Amino acid sequence: MFEARFQTFEDQDDRAAVAGRVAALRGELKKRGLDGFIVPRADRQQNEYVPPGEERLAWLTGFSGSAGAAIVLAGRATLFVDGRYTVQVQAQTDTAVFEIAHLVDNPPSQWLRANLSAGQTIGYDPWLHTAEGAERLAKACEAVGATLVPVADNPIDALWADRPAAPAGAVALHDQRYAGETTASKLTRIAAELTKDRVDALVMSDPHAVAWTFNIRGADVAHTPLPLAFAIVPREGRPTIYVESAKLSNAVRSALEETATVREPAALETDLAALAGKAARLDRATAADALTRIVREAGAKLSPGDDPVAAMKAIKNHAEIDGSRAAHRRDGAAMARFLAWFDAEAPKGRLTEIDTVAALETFRRDTGKLKDVSFPTISGSGPNGAIVHYRVTRATNRTIGSGELFLIDSGAQYEDGTTDITRTLAVGTPTDEMRDRFTRVLKGHIAIATAVFPENTTGAQLDPFARAALWRAGLDYDHGTGHGVGSYLSVHEGPARISKLGAAALRRGMILSNEPGYYKTARYGIRIENLVLVIAKPTPALAEKPLNAFETLTLAPIDRRLIDSAQLDTHEKHWLDSYHARVAATLTPLLDNATARWLDAATRPLEAH
């Protein structure tokens, strides 16, 4: 009845191979005269989701998370992960081979400074590190008398016998109905930014920026409709896009050639050399150190800064905002069908985590509009819910039991918008502790949803709002509160985020997640996530600054069985009841009668519960 077509549950247990692969890498490094090697989880364009053939960190260590790095020395190896993966990494790698370090608290640069000896030579692949990242590593090595050197070819590639081939997904045009702006208009805006910054050319290394600028989408990586392409956009003249011809139909090539020259990726290095004597902007967030070296060696003047497309892309236009609202109505109806189904089936004691993933994807696919899931669904029952980025496999699959919490974090890719939603559900009767923790998370969620803030407020300034109720009980969560979201692009989009490190200002038109949580290791996890849109807030008469607020886009009930209403103040209760009333009013016309009845019960005012 239900089927997951966009995600798999195959086991990825490579722990038994880790020791042999690390030993082989050490042998290869010795042949090359290297004392160590740094392995980031990255591809040439710093994508979050990378093609299978770029998963070098996973091949070497067994760790499959979306962020991490490893350093292998002759007698020591360390694997770095962030707080989302502290439980997962213990299950996936051989801890007799790899020590585990925190990617943020003790990053690779700091580790190198503390653990290298004078005279050692450490290798790195310059295509897999940004220039700033490579510079940090080089300084750390230099501080102790060691040397960081680029390698011409990655030593892991010499060992990975069955490394998958590069992707060859077809490129498609992104319909003007959804894009809301022509490529010509976007190029004019980019040229204006380059003129303002006195830059002659932008080297576009971020495939999201390429996709947005040229109104195309692709199929080269899982869950994000990206074409792995580069571009050079001059301040004056015709831009060039570098993409394999085999990925282009005649119609797509013809459309691209209306505004750009289309060349093979192999021509990029030659064309970069033509920037000699010119001021070139490389995106410090995504441009590989190798690109920086090529441009510098060509005699171009490097202009430090960010790709201006990142900020443009983050601020959605009217068509993109309307599309996102439509996508969330559609997605909300699919979520309502799933939640009603779950409420009926979970008490029977036969549902598994995999069952729920397949069911939710099927409900979304039944809309007829689903292009992909926006990331692998996180479906965690009981202790698995405490693993922030848990991915269920056939080996870890659990039956969802009574008295447990069930966390499901999922999203969809529709042509008109990208969604991301988390709900935590009670199965049976929750404990008082579960209700207390859930309510504290809900209070943080409401604090973000109802925040009013002046222009130029950053995500770091708002982040404490989400944590305050947890902090009062001596609790916290080890991840950000919110990330930017693209428009039929990446579900994790910069530059804005709501986190302790969120330095970018939140601008009107940006879409972000609002997802505080709490995780009790080996017991349960709680997260409540909606997507929100930054909008203008009517300014009081005597206000001295323009004000902004959030519009909640996601439409799905929050489980009232987990709420301790005594902890909520009048303002918080009003928000919850108003939100549920909007959910019911918007989704009911889209639902069958049985689901509509379930939704009516699930969205009744809190005091009526």
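How much accessible area per residue does the range 64-166 have, counting only protein heavy atoms and a probe of 1.4 Å, in square angstrom?
Values: 4310 Å² over 103 residues.
Ligands and nucleic acids excluded, the figure is 42 Å² per residue.
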*Surface accessible to a 1.4 Å probe, per residue, for the residues of the range 290-443, Å²*: 33
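Magnitude of the Cβ-charge dipole of the range 1-143, K/R +1 and D/E -1, about the Cα centre, nearest 20 debye? List each step's numbers first, then the result.
Working: 15 positive and 19 negative charges, 106 e Å.
The dipole magnitude comes to about 520 debye.
In square angstrom, what is the accessible area per residue of the range 479-601 with a 1.4 angstrom probe?
Details: 4930 Å² over 123 residues.
Per residue, the range 479-601 has an accessible area of 40 Å².
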*Note the angle between two axes, namely the Cα long axis of helix 183-196 and the longest principal axis of the Cα atoms of the chain, as a number of degrees from 0 to 90, rounded to the nearest 10.*
60
*If we sort 288-296, 157-165 on the protection proxy, mean other Cβ atoms within 10 Å, highest first, what's the order?*
288-296, 157-165
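By the gyration tensor of its Cα atoms, with a ≥ b ≥ c the square roots of the eigenvalues, what is the shape of the range 402-444: rounded for a/c under 1.5, prolate for a/b over b/c, or oblate? Could you put the intermediate results ahead of the total?
Values: a/c = 5.81, a/b = 2.09, b/c = 2.78.
Taking the square roots of the gyration eigenvalues as a ≥ b ≥ c, the range 402-444 is oblate.
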*Angle, helix 432-449 long axis vs. longest principal axis of the chain, Cα atoms, 0 to 90°, nearest 10?*
70
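From the protein chains alone at 1.4 Å, what is the descending order of accessible area for E28, E544, largest first?
Values: E28 25, E544 180 Å².
Ranked from most to least accessible, the order is E544, E28.
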*Per-residue accessible area for I446 at 1.4 Å probe radius, Å² rounded to 10?*
0
*asked:* Can you work out the Karplus-derived ³J(HN,Hα) for every residue in the range 52-69? Use 6.51 cos²θ - 1.76 cosθ + 1.60 with θ = phi - 60°, whole Hz, and x for glycine or proline.
replied: x, x, 9, 7, 5, 5, 5, 4, 6, 10, x, 7, 10, x, 8, 8, x, 7
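With only Lys, Arg, Asp and Glu charged, each at its Cβ (+1 for the first two, -1 for the last two), find how big the charge dipole of the range 473-563 is about the Cα centre; round to the nearest 20 debye.
That gives a dipole near 120 debye.
Ordering S64, S499 by how much accessible area each has at a 1.4 Å probe, largest first, what is the list?
Details: S64 40, S499 10 Å².
Order by accessible area, largest first: S64, S499.
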_Could you work out [θ]222 nm for the chain from helices alone, using -39500 (n - 2.57) per DSSP H run of at least four and dividing by all its residues? Round to the nearest 500 deg cm²/dmol._
-10500 deg cm²/dmol
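Please state, to two decimals, what the Cα-based radius of gyration of the range 305-433 comes to when divided by 2.2 N^0.38 Å (N = residues). Provide the component values of the computation, followed by the final result.
Values: Rg = 16.8 Å, N = 129, 2.2 N^0.38 = 13.9 Å.
Output field value: 1.20.
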*asked:* In the chain, if the dipole is taken from +1 on Lys/Arg beta carbons and -1 on Asp/Glu beta carbons about the Cα centre, which of W471, A19, P150 is farthest to the positive end?
replied: W471
*asked:* How large is log10 of I(q)/I(0) for the range 204-353 at q = 0.13, 0.16 Å⁻¹ when the intensity is taken from the Debye formula with one equal scatterer per alpha-carbon?
replied: -0.72, -0.94
*Quick one: if you take sqrt(5λ) for each eigenvalue of the C-alpha gyration tensor of the chain, what semi-axes come out, biggest first, whole angstrom?*
39, 30, 23
*Tilt of helix 353-365 relative to the longest C-alpha principal axis of the chain, in degrees (0 to 90, nearest 10)?*
90
_Percent RCO, i.e. relative contact order, over the range 222-272, from Cα pairs under 8 Å lying at least 6 residues apart_ = 35
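If DNA, RNA and ligands are ignored and the probe is 1.4 Å, what is the ranking of E135, E572, E297 by accessible area, most exposed first? Mind showing how you got there, number by number?
Details: E135 95, E572 20, E297 150 Å².
Accessible-area ranking of E135, E572, E297, largest first: E297, E135, E572.
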*Across 10 Å bins from the origin, how do the percents of Cα pairs in the range 524-609 run, short distances first?*
14, 38, 31, 13, 3, 0
*Sorted by average packing, counted as other Cβ atoms within 10 angstrom per residue and highest first, what order do 39-45, 597-603, 194-200 take?*
39-45, 597-603, 194-200
_Rounded percent of accessible protein surface that carbon and sulfur make up, the chain, 1.4 Å probe_ = 51
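Net charge near R365, counting Lys/Arg +1 and Asp/Glu -1 over other residues with Cβ under 13 Å of its Cβ?
Neighbour charge sum, excluding R365 itself: +1.
Please state the shape class of the range 536-577: rounded when a/c is under 1.5, otherwise prolate if a/b exceeds b/c and oblate if not, all from the C-alpha gyration tensor. Walk me through the numbers before you get to the answer.
On the way: a/c = 4.69, a/b = 1.98, b/c = 2.37.
Oblate shape, in that a/c is at least 1.5 and b/c is the bigger or equal ratio.
Using +1 on the beta carbon of Lys and Arg, -1 on that of Asp and Glu, and nothing else charged, what's the dipole of the chain about the Cα centre, debye to 20? Write down the numbers at each step before the final one.
Numbers: 70 positive and 76 negative charges, 109 e Å.
Dipole of the chain, to the nearest 20 debye: 520 debye.
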*How high is the relative contact order of the chain, in percent, counting Cα pairs under 8 Å that sit 6 or more residues apart?*
12
_Which of the three applies to the range 174-268, rounded, prolate or oblate, going by the alpha-carbon gyration tensor with a ≥ b ≥ c and a/c under 1.5 meaning rounded?_
prolate
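The values are calculated or read from the model by the stated rules, or taken from the named source; none is laboratory data. Model, not experiment: these values are computed from the prediction. Every residue, glycine among them, receives a Cβ derived from its backbone with ideal geometry; neighbour counts consider all protein chains shown. Only protein heavy atoms, including side chains, enter the accessible area calculation; ligands, DNA and RNA are left aside. Shrake-Rupley method; radii C 1.70, N 1.55, O 1.52, S 1.80 Å.
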